[in-house]
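What follows is a set of notes on a single structure, which appears directly below.
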Amino acid sequence: LKFKDEYFYITYQKLQDEGRNTSVVFDAVHQFFWDFSKSPVYQKLSSTTSFRNCLEFIFKDSGYRYYVDQTIETASFTKENFGMKDRLSLFNELVSSAGVEFNVSGKVVSIYKEVGTNLSTVVRKNLNLNELSITRNIGEFITYQRGFGKWKDENDHSKGRLEVEYESPLAKVYGRLEGQPVEDERYSIASSLLAVLKKNVDSSYSLSIELSMEDLTSAGYPNAQPHEGDYIMVVDEDRGFRERVRIVSYTSSYDVRENLIEHQVTCN
């Protein structure tokens, strides 16, 4: 399927007989995710290696190219025994461990510290905002987590292993709420494991904003098209809400001629 100059693989299809007509419901994924999920790497990087070496290992002979933004600092990042999985699993593991984000355009994968743009856009109720819903979820909220990495001596565990901990400043308000420990022998550098703990703890309090917009041109988007990662200001005087939020996902509706109908945007 070609849509908006990008190619997608149809992964699910349901035909429904409606008398004179037949409706089709289907799911599709961008060709990058399909191609990478169906292409295993049948070897491992046995020695400790860097972020860029891992990328080269994943993308070699894949038919895709990658770009890494210069602002990404990965000097302290290492991986051991990396491989023997499909390319998509390896890529997801890599970007998750490194704490980076990416987007795909055609056969090029661009990797950034953060995707998106910090916009001066203001979305306001009764102007360019139709509906606003706010969801708070503290069921998984934690303020502290410990991590355990590589053993100092594989043959003598009595010598201990890499251990790090992270405590959120919110612990001073809500107390120490401990999360499940992270145990992963692939981590040999404290800063890399600490980054995982910090991400787990800081993202455990979930505040989700859902917006319904008919036309984002008036909100400042040049092509009436939101992008994941963009920062915008949302104002709803009725609820006393005024926050700078980041778009994490969106659902766009189009007519049969690919004309935009509306956006449902989720932010945090």
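How many of the residues making up the range 139-156 are open to solvent by less than 90 Å² (accessible area, probe 1.4 Å) and either within 15 Å of GLU183 (Cβ to Cβ) or part of a strand (DSSP E or B) (or both)?
7
Being in contact (Cβ under 8 Å) with a residue 60 or more places away in the chain and out of contact with any Gly (no Cβ under 9 Å at 6 or more places or on another chain) is the filter here; which residues of the range 83-122 pass it?
Within the range 83-122, SER97, GLY99, VAL104, SER105, GLY106, VAL109, ASN118 meet the criteria.
If you take the residues in the range 74-107 that are surrounded by fewer than 18 Cβ atoms within 10 Å (Cβ to Cβ) and among the charged types (D, E, K, R), which one is modelled with the lowest pLDDT?
GLU80
Looking only at the range 250-268, count how many residues are of a type outside the set (Asp, Glu) and in a loop (DSSP other than H, G, I, E, B).
Final tally of qualifying residues: 4.
Would you be able to say whether some residue in the range 40-52 is closer than 17 Å to ARG186 by Cα and within 19 Å of the chain's Cα centre (by Cα)?
Checked the range 40-52: at least one residue is closer than 17 Å to ARG186 by Cα and within 19 Å of the chain's Cα centre (by Cα).
Of all the residues that make up the range 29-44, how many are outside any helix (DSSP H, G or I), touching a Phe, Trp or Tyr at 6+ places or on another chain (Cβ under 7 Å) and open to solvent by 40 Å² or more (accessible area, probe 1.4 Å)?
2
Can ILE247 be described as at pLDDT 85 or above and either assigned to a loop (DSSP other than H, G, I, E, B) or among the hydrophobic types (A, V, I, L, M, F, W, C) (or both)?
Considered against the rule, which asks whether it is at pLDDT 85 or above and either assigned to a loop (DSSP other than H, G, I, E, B) or among the hydrophobic types (A, V, I, L, M, F, W, C) (or both), ILE247 comes out as yes.
Only one residue in THR71, THR49 is open to solvent by 70 Å² or more (accessible area, probe 1.4 Å) and β-branched (Val, Ile, Thr). Which one?
Of the residues listed, the single one that is open to solvent by 70 Å² or more (accessible area, probe 1.4 Å) and β-branched (Val, Ile, Thr) is THR71.
The values are calculated or read from the model by the stated rules, or taken from the named source; none is laboratory data. Keep in mind it's a predicted model, so treat the numbers as computed, not measured. FYI the Cβ positions are ideal-geometry reconstructions off the backbone, even for glycines, and counts take in every protein chain you see. For accessibility, only protein heavy atoms count, side chains too; no ligands or nucleic acids. Shrake-Rupley method; radii C 1.70, N 1.55, O 1.52, S 1.80 Å.
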